[in-house]
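Report on one structure; see the data block that follows.
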Amino acid sequence: MSGHGIHGYIESNRERFISELRQVVQQPSISSQGVGMDECASLIEGMLEKRGFQTRLLSSGGYPAIYAERRGESRKAILCYGHYDVQPPDPLEEWASPPFAAEIRDGKIFGRGVSDHKGSLVSRLHAVDALLAVDGTLPLTVKFILEGEEESGSRTLSEIVRQHRDLLAADFALYAGGAKDENDSPVIRCGQKGMCYVQLTCTGASQDLHSRTAALVPSPVWRLVQALASLKDEQGRVTIPGFYDDVDPVSEQDMEALRTVPFNADRMKLNWGISRFVGGVEDVEALEQYLFTPTCNISGISAGYTGVGMKTVLPCRASAKLDLRLVPSQQPLDIVDKLRSHLEMGGFGDVEVDVLGTFEPARTPLTHPLVRSAVQASRRVYGQEPVVMPLWSGSGPRYLFSNYLGIPMIADPGVGHSDGRHHAPNESLRIDDYIQGIHLMAELLRELGRAS
Ligand SMILES: [Zn+2]
């Protein structure tokens with residue numbers, strides 16, 4: 001009866017849900033430009049209060065995170081992470097409708113932030129509506145932490161989490177919801193890679209010089225290139241001593257999960273315009289390498305003259321930005337130490353290393369009840385087996401919840417689709433996916449309530 005009740009409630013409130021989501025998208029909240037942030041935070045706080053949540057703003061100097069909590073039946077609690085800020089909408093001329101109009105066309109809502117990540121955030125509130133209307137209560141305590149700086153690099157989130165450890169304590173956690181893949185299958189992501197982002201700088205003479213001085217003056221550009229070349233061998237393995245020491249072996253269970261992921265290597269190569277993956281790997285081996293291998297990528301190199309025609313110059317400075325994506329259980333600061341000592345041991349002690357940002361890798365085991373509940377709920381709502389990814393190749397602040405607070409965390413299938421155009425013009429969300437996402441969230445909360 002109640003299953004039917006939830007379904008009926010969600011379907012009969014479709015129009016109201018869509019108009020409330022549109023209202024949130026119509027409120028700009030561009031953290032990098034400081035546009036509409038307070039207004040958006042108040043709008044969302046008001047929506048939470050209307051649903052019986054106690055709310056407060058948690059701030060550590062930047063845009064505040066909204067914290068909200070409503071008690072439920074079981075003693076267990078779930079913490080839902082999301083963000084209310086969005087990327088700037090530029091370039092404006094490439095939008096088919098104004099980015100904050102939230103126009104509906106072809107069964108989709110178009111607007112900046114609709115898919116990244118206001119849709120996910122508001123769908124969770126609509127699932128709460130359905131549960132309260134049909135069951136009169138929530139199956140477990142629901143907490144929200146909605147940050148306002150995700151699109152600006154989550155500058156103060158770690159401080160906020162550290163200051164409010166007890167408030168944020170929970171038994172389960174959901175990351176900002178994900179998206180269906182290219183085959184329209186729902187995806188559950190159980191972890192993400194970590195990252196350390198560093199800048200290497202070499203300096204030479206006190207100023208740029210005429211390149212005729214190259215016979216006498218050491219070049220910081222060559223120095224940098226040689227230091228960079230020492231970081232990897234020709235097979236693509238990172239040569240920093242100890243780099244792979246803490247990499248967890250890929251378990252048989254992880255491999256089993258990878259074998260069920262629809263991974264089309266040829267299509268990926270075609271999309272990316274390459275003929276071969278690093279190391280020549282194919283099929284499941286390629287997927288394993290994609291998710292479970294740490295990387296050392298050069299994001300950018302800057303030095304000297306790169307304009308048109310000739311300019312003979314001996315630059316006095318060269319720098320490179322590196323992102324090293326890490327897998328469980330590598331630690332970013334330990335990797336930075338290993339990078340520094342590798343450079344020193346190799347005679348590159350003069351290369352300056354600045355750490356610009358770090359994220360720890362994080363994952364929740366596939367056997368955790370949270371993963372099992374999400375799989376069950378997905379089967380019921382989507383009528384198909386979800387794709388379960390043991391790890392994801394991107395990085396983010398998930399570790400603050402799963403490592404620092406110790407809460408098992410997954411990214412649920414959410415409300416997005418693979419062509420949602422995050423950060424790009426004409427960002428969109430399919431209305432049917434949105435409604436299904438509300439069903440999923442309601443089912444998942446019920447499932448977790450039963451499991452507790
Ligand atoms: Zn984003």
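The values are calculated or read from the model by the stated rules, or taken from the named source; none is laboratory data. Not measured: the values here are computed from a predicted model. Using ideal geometry, Cβ is built from the backbone for each residue, glycine included, and neighbour counts are taken over all protein chains shown.
Some observations on this one:
- Filter result for Ser158 (over 15 Å from Ile438 (Cβ atoms), under 18 Å from the mean Cα position of the chain (by Cα) and away from the ligand (no atom under 16 Å from the Cβ)): yes
- Of everything in the range 418-435 that is surrounded by fewer than 21 Cβ atoms within 10 Å (Cβ to Cβ) and within 22 Å of Val371 (Cα to Cα), the residue that is nearest to the ligand (Cβ to nearest atom) is Ser418.
- Output for the range 195-235, where each listed residue is part of a loop (DSSP other than H, G, I, E, B), surrounded by 14 or more Cβ atoms within 10 Å (Cβ to Cβ) and hydrophobic (A, V, I, L, M, F, W, C): Ala205, Val217, Leu231
- Residue match in the range 97-118 (condition: within 25 Å of Ala169 (Cα to Cα), at pLDDT 95 or above, touching a Gly at 6+ places or on another chain (Cβ under 6 Å) and assigned to a loop (DSSP other than H, G, I, E, B)): no
- The range 400-417, subset farther than 26 Å from Thr156 by Cα and surrounded by 22 or more Cβ atoms within 10 Å (Cβ to Cβ), residue farthest from the ligand (Cβ to nearest atom): Pro413
- Of the criteria (1) within 16 Å of the ligand (Cβ to nearest atom); (2) of a type in the set (Gly, Ala, Ser); (3) under 21 Å from Asp432 (Cα atoms), which one Ser31 fails: (3)
- Close pairs (9 angstrom Cβ cut-off, 6 or more residues apart or separate chains): surrounded by fewer than 16 Cβ atoms within 10 Å (Cβ to Cβ) in the range 1-12, modelled with pLDDT of 90 or more and charged (D, E, K, R) anywhere: Ser2/Asp135; Ser2/Arg446; Gly3/Arg380; Gly3/Glu443; Gly3/Arg446; Gly5/Asp135
- Considering residues of the range 271-316 that are of a type in the set (S, T, N, Q) and in a strand (DSSP E or B) only, the residue farthest from Val198 (Cα to Cα): Ser302
- Scan of the range 99-127 for residues that are within 12 Å of the ligand (Cβ to nearest atom) and among the basic types (Lys, Arg), ordered by number: Arg112, Lys118
- Residues in the range 71-98 that are more than 16 Å from the ligand (Cβ to nearest atom) and closer than 23 Å to Gln27 by Cβ: Cys80, Pro91, Leu92, Glu93, Glu94, Trp95, Ala96, Ser97, Pro98.
- Verdict on Ala130 being in contact (Cβ under 8 Å) with a residue 24 or more places away in the chain, buried (at least 19 other Cβ atoms within 10 Å of the Cβ), away from the ligand (no atom under 16 Å from the Cβ) and part of a helix (DSSP H, G or I): yes
- In the range 406-433, the residues that are more than 24 Å from Pro262 (Cα to Cα) form no Cβ pair under 8 Å with any partner that is in a strand (DSSP E or B) and within 15 Å of the ligand (Cβ to nearest atom), whether six or more places apart or across chains.
- Condition met for Leu146 (within 16 Å of the ligand (Cβ to nearest atom), modelled with pLDDT of 95 or more, part of a strand (DSSP E or B) and under 21 Å from Gly177 (Cα atoms)): yes
- Among the residues making up the range 355-392, those that are assigned to a loop (DSSP other than H, G, I, E, B) and over 25 Å from Gly194 (Cβ atoms) are Gly383, Gln384, Glu385.
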